[in-house]
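Below you'll find the structure, written out as structure tokens, and then a few comments.
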Amino acid sequence: MRLDPDLLREILTELVDAPANCRLRVPTIEGRSENEIFEHLELLADARFLEAKFLGSGSGGQRIFAVTVLRVTYAGQEFLAAARNDTLWTETKKSFRERGIDFTIDLASRTLGMLAARAMGLPG
């Protein structure tokens, strides 16, 4: 499975848009399988953008069979604050493509921050 930047952004958006102080549900995203969403939730947890509990399975070929999302962290909120902006997001993905660099969450966060700073007239 390859990392899908748009899926990461969509999952975070769904989670952050949930009502405050309520149980977060694993989002259902049209055209995406449960396994894709689970894998990307795990990547977001690895990046410390969210806290979650993953239940694994020893059978059936499915490594993760249930996820409980506890919260979106400050780092996840910060990333999404910039990534929600369609112009910044498109420019970030374009900069990876143009340079032939695979998308990484760390570099995307830094690129988004730099582009947001420039958009605000700050040195970036």
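Quick notes
- Counted residues, the stretch 3-35 - those being closer than 19 Å to residue 54 by Cβ, surrounded by 12 or more Cβ atoms within 10 Å (Cβ to Cβ) and of a type in the set (S, T, N, Q): 1
- In the stretch 88-124, the residues that are in a helix (DSSP H, G or I) and without any contact (Cβ under 8 Å) to a residue 12 or more places away in the chain: 90, 94, 97, 98, 99, 107, 110, 114, 117, 118
- Selection count, the stretch 1-14, where residues are modelled with pLDDT of 95 or more and among the aliphatic types (A, V, I, L, M): 4
- Screening residue 49 with (1) among the hydrophobic types (A, V, I, L, M, F, W, C); (2) out of contact with any Ser or Thr (no Cβ under 8 Å at 6 or more places or on another chain); (3) modelled with pLDDT of 90 or more; (4) surrounded by 14 or more Cβ atoms within 10 Å (Cβ to Cβ) gives one miss only, at (2).
The values are calculated or read from the model by the stated rules, or taken from the named source; none is laboratory data. This structure is a prediction, so every number in the text was calculated from the model and none was measured. Positions of Cβ are generated from backbone atoms using ideal geometry, with glycine treated the same way; all protein chains shown enter the neighbour counts.
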